[in-house]
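Colleague: Please find one structure pasted underneath; my questions will follow.
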Amino acid sequence: MKIDENTAVAQPQDTRESVTFGGDRNKDFSQEPLCLSGRGVTRVFHTGKTTTVAVDHVDFDFHKGELISIVGESGSGKTTLSKMLLGLLEPSEGEIFFKGEPRDISTSAKKKEYWRGIQAIFQDPFSSYNVFHKIDSVLLDCINMSGGRNLSKDQKTAMMTEACSFVNLKFAELTNKYPFELSGGQMQRLMIARIFLLKPEILLADEPTSMIDACSRATILDMLLNLRNETDMTIIFITHDIGLAYYISDSVYIMEHGKFVESGKADQVILYPQAAYTKRLISDVPKIHEPWDLSTV
Ligand SMILES: Nc1ncnc2c1ncn2[C@@H]1O[C@H](COP(=O)(O)OP(=O)(O)OP(=O)(O)O)[C@@H](O)[C@H]1O
Ligand SMILES: [Mg+2]
């Protein structure tokens with residue numbers, strides 16, 4: 001499957017038939033086991049005299065193997081919610097459930113165990129690596145974390161080579177380099193190579209394609225969908241781009257000012273939007289087949 005810049009911004013109805021979606025579009029994920037849920041999840045920030053309710057009492061149910069997009073404009077609370085899902089930030093209120101049970105990450109051992117199940121690709125790949133660790137050790141850590149500590153050196157090298165080639169990187173060219181010696185696009189691909197090795201149950205991708213060109217962006221999305229198909233991973237995809245969300249997702253949650261204003265199956269939410277905010281997001285998508293009206297500019 002290829003998603004390029006044109007299909008990603010096209011009007012959903014126009015090209016719907018031509019898109020080969022990574023999964024089974026009609027699958028009912030509500031029958032699958034629960035992976036991650038939240039009830040009343042809230043995060044308030046206090047800075048000086050200002051109080052910001054970044055995430056405001058959100059409820060969600062993400063199922064095994066489901067690809068969920070969380071869509072909203074800048075500042076709507078998407079990254080704050082991701083940090084809470086990852087356990088990097090405590091909710092001020094509400095509760096997160098992992099596989100149906102209240103999530104317990106109260107000790108560092110429990111946190112480590114939780115992170116075996118959930119991994120992320122961040123908006124800014126530069127912040128995701130320890131700059132003093134060479135790329136080999138970034139990938140070796142993944143093999144060790146996923147139970148491969150006792151494998152031979154050759155086996156580990158073969159796994160790292162496979163993971164790099166999965167994302168079109170050459171392991172031989174990366175060994176002995178530091179993360180800051182890579183381009184933004186290479187770093188993002190390295191992040192996906194890590195996921196390939198770790199094979200978490202849940203992958204959270206916060207605008208993972210923000211730093212790369214349209215062509216690499218399509219390739220990366222393709223890789224994410226391949227990963228999902230190969231491993232039955234649950235993918236939570238965070239984006240501004242409702243057109244892209246429509247093409248890749250099973251379910252969509254629309255976020256405005258920290259609240260989910262609408263959620264459901266991607267077809268339902270995007271083809272038959274109910275909330276005014278969703279309608280506006282959809283109408284903001286450039287329509288490539290319509291002439292541009294510049295008279296209002
Ligand atoms: N550490 C913090 N301290 C104070 N306010 C914060 C903090 N982190 C986020 N906020 C505020 O919370 C709100 C939501 O921010 P968040 O980063 O979650 O938005 P976002 O949807 O990810 O935006 P973007 O699409 O630009 O990445 C914003 O008003 C932001 O200023
Ligand atoms: Mg963000």
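The values are calculated or read from the model by the stated rules, or taken from the named source; none is laboratory data. Quick caveat, the model's predicted, so the values are computed rather than measured. Quick reminder, even Gly has a Cβ in these numbers, built from the backbone with ideal geometry, and neighbours come from all protein chains shown.
Colleague: Of the residues that sit in segment 246-257 and are surrounded by 20 or more Cβ atoms within 10 Å (Cβ to Cβ) and within 13 Å of ligand 1 (Cβ to nearest atom), which one is nearest to Gln31 (Cα to Cα)?
Modeller: Per the stated criteria, the residue is Tyr253.
Colleague: Further, regarding this structure: Give the number of residues within segment 248-274 that are aromatic (Phe, Trp, Tyr) and touching a Ser or Thr at 6+ places or on another chain (Cβ under 7 Å).
Modeller: The number of residues fulfilling the criteria is 1.
Colleague: So, Ser69, is that one crowded, with 19+ Cβ neighbours inside 10 Å, in a strand (DSSP E or B) and either within 16 Å of ligand 2 (Cβ to nearest atom) or at pLDDT 95 or above (or both) or not?
Modeller: yes
Colleague: Here's a follow-up. Are any of the residues in segment 61-68 within 12 Å of ligand 1 (Cβ to nearest atom) and under 22 Å from Gly258 (Cβ atoms)?
Modeller: No: zero hits.
Colleague: Tell me which residues, restricted to segment 139-175, are more than 22 Å from Glu201 (Cβ to Cβ) and polar (S, T, N, Q).
Modeller: Asn150, Ser152, Gln155, Thr157, Thr161, Ser165, Asn168, Thr175
Colleague: While we're looking at this one, here's another question. Would you please name the residue that is modelled with the lowest pLDDT, looking only at residues in segment 213-223 that are of a type outside the set (Gly, Ala, Ser) and in contact with a Ser or Thr (Cβ under 9 Å, 6 or more places away or on another chain)?
Modeller: Arg217
Colleague: If Asp61 satisfies every condition in (1) in a strand (DSSP E or B); (2) over 22 Å from Asp250 (Cα atoms) but one, which is the exception?
Modeller: Single failed check for Asp61: (2).
Colleague: Which of the residues that make up segment 225-246 are assigned to a helix (DSSP H, G or I) and touching a residue at least 60 places away in the same chain (Cβ under 8 Å)?
Modeller: Passing the criteria: Leu225, Asn226, Arg228, Asn229, Ile242, Gly243, Leu244, Ala245, Tyr246.
Colleague: Here is a follow-up. Quickly run through segment 258-279 and pick out the residues that are aliphatic (A, V, I, L, M), surrounded by 15 or more Cβ atoms within 10 Å (Cβ to Cβ), in a helix (DSSP H, G or I) and without any contact (Cβ under 8 Å) to a residue 24 or more places away in the chain.
Modeller: The one that is aliphatic (A, V, I, L, M), surrounded by 15 or more Cβ atoms within 10 Å (Cβ to Cβ), in a helix (DSSP H, G or I) and without any contact (Cβ under 8 Å) to a residue 24 or more places away in the chain: Val269.
Colleague: Is it fair to say Pro208 is within 22 Å of Ile70 (Cα to Cα) and at pLDDT below 85?
Modeller: Criteria met by Pro208.
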